[in-house]
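Remarks on the structure that follows.
Computed from the coordinates by the stated procedures, all read-outs in this text should not be read as laboratory data. Since we're looking at a predicted model, the values are computed, not measured. Every residue, glycine as well, gets a Cβ built from its backbone with ideal geometry; the counts of neighbours run over all protein chains shown.
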Amino acid sequence: MSRLQYQGALIVVKNIILTGFMGTGKSSVGKEISIIRNIGFIDTDDEIQKQYGPINDIFARHGEQYFRECENEVVLNLAQFSGIVIATGGGLVLNPKNVEALRKSGILFCLTAPPNEIFKRLTAKEETKNRPLLNTPDPLTTITEMLKSRRNIYDTFIQIDTVEKTPEDIAKEIDHYVSEM
């Protein structure tokens, strides 16, 4: 944790961590928070790609389990930082060790949206149409089922609804929440 001295008081600067299902805006919102608070931003998926190569290739060559192991290594490293915004992959919180490390290093927010909104967002952009976990005959059903299976984990974090809000609005909401803590 970063420590700042302010008029004799010791202030611990925690990370702001964004989780939630793919397509809920974690990366976009994380970038906005980093601008508002003038702090660094790291996306775990970007870090994985820097260290291990394209995510689609990781899934194709090694499978989801190997990808989750890569995620874990990245998270354990990022949890050592302080005073940054971290956007996680949607399934990263499936590993209790990841959740434990993130909880110790910061404040966790779960960005939410209903399945049909997530589907609409993911299929609207060329770069998100081919996500490995959505290469199924019925992606909307897959999204719905995956959200159900993750609900009990996602519900343990501070919930932020993203429907009909801009990334800037969501970032301001989170910034306000953090400032009030």
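Couple of notes before you dig in:
- Between the beta carbons of Arg68 and Thr142, assuming R0 = 25 Å, the FRET efficiency works out to 0.90 to the nearest 0.05.
- Formal net charge of residues neighbouring Ala113 (Cβ-Cβ distance under 12 Å; K, R +1; D, E -1): +1
- Sites matching GluC sites (Glu not before Pro) across the stretch 108-181 that sit in DSSP coil, with at most 13 neighbouring C-beta atoms within 10 Å: Glu164
- Paramagnetic label reach from Asn152 (point 7 Å along Cα→Cβ; backbone nitrogen cut-off under 19 Å): within the stretch 67-94, residues 91-94.
- Database remark: amide H of Met22 closer than 5 angstrom to the amide H of Gly90 (H placed geometrically; neighbours at sequence offset of 5 or more, or on other chains; Pro and chain starts carry no H).
- Interchain or long-range residues, amide H under 5 Å from Phe41's placed H: Val85
- The simple spin-label model puts a point 7 Å past each Cα toward its Cβ; for Lys31 and Gln49 those points are separated by 1.1 nm.
- The chain - percent relative contact order, Cα under 8 Å, separation 6 or more: 32 percent
- Relative contact order (%) - criterion: Cα under 8 Å, at least six apart; region: the stretch 19-114: 44 percent
- Residue-averaged [θ]222 nm for the chain, counting only DSSP H segments that reach four residues, each worth -39500 (n - 2.57): -16000 deg cm²/dmol
- Stretching Arg131 away from Lys172 to a fully extended chain increases their span by 11.9 nm, per 0.36 nm per residue minus the current alpha-carbon distance.
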